[in-house]
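The values are calculated or read from the model by the stated rules, or taken from the named source; none is laboratory data. In this text, all values refer to a predicted model and were calculated from it rather than measured experimentally. Backbone-built Cβ (ideal geometry, glycine too); neighbour counts: all protein chains shown. Ligands, DNA and RNA are stripped out before the accessible areas are found, and what is left, the full protein with its side chains, is counted by its heavy atoms. Shrake-Rupley method; radii C 1.70, N 1.55, O 1.52, S 1.80 Å.
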Amino acid sequence: VVDTPTLADVEGNLNLLTSAEAPNPALHEQSLPEALANNRPTLLLIATPAYCQTRFCGPAYELVDGLQPRYSADLNFVYVELFPELPNPAETGWQVAPAATAFGLHTEPWLYLIDAEGRVVYRVEGVFTTPEIERQLGLQFGL
């Protein structure tokens, strides 16, 4: 499992973790390995709101930001910025995050639902809606 950065890794500086205009600190509290180790399902979003080629990353981040308060008691939330060298990913040649490489991603955004055993049970690319994700949370995890 590839490690992902957290608030603790950047001494609480959200500008080093996300290009979202209104970042949610709760999406950056756990690394992916930490989330997968706590026996709860995980929602993983890999996106880049400020640098997105498709323009869907901002809405995807906002969707996950809206889901987090409602489902945080039962579900881990992990966000990974596609370009980890913030605030200016151009300085490092637009290197992509190790998590994006590990998942073999060449587009953005991607949302994954991972069960408590660490298996990806649902994934979606690009445009997705709150009702669609909530339906999958119900189907996959009974939430």
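A compact table of results
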{"item": "Residues being open to solvent by less than 10 Å² (accessible area, probe 1.4 Å) and in a loop (DSSP other than H, G, I, E, B) - total across region 18-30", "result": "1"}
{"item": "Flag for GLU85 being touching a Ser or Thr at 6+ places or on another chain (Cβ under 6 Å), closer than 27 Å to ASN13 by Cβ and free of Cβ contacts under 8 Å to residues at least 24 places away in the same chain", "result": "yes"}
{"item": "Every residue from region 31-47 that is part of a loop (DSSP other than H, G, I, E, B), open to solvent by 40 Å² or more (accessible area, probe 1.4 Å) and of a type outside the set (Gly, Ala, Ser)", "result": "ASN38, ASN39, ARG40"}
{"item": "Check on LEU82, under 17 Å from THR4 (Cβ atoms) and of a type outside the set (Val, Ile, Thr)", "result": "yes"}
{"item": "Qualifying residue in region 99-115 (condition: more than 18 Å from ARG55 (Cα to Cα), among the acidic types (Asp, Glu) and free of Cβ contacts under 8 Å to residues at least 40 places away in the same chain)", "result": "no"}
{"item": "Region 97-143, subset of a type in the set (Phe, Trp, Tyr) and over 13 Å from ILE46 (Cα atoms), residue least open to solvent (accessible area, probe 1.4 Å)", "result": "PHE128"}
{"item": "Filter result for TYR71 (of a type in the set (Ser, Thr, Tyr), closer than 21 Å to ASN24 by Cα and touching a strand residue (DSSP E or B) at 6+ places or on another chain (Cβ under 9 Å))", "result": "yes"}
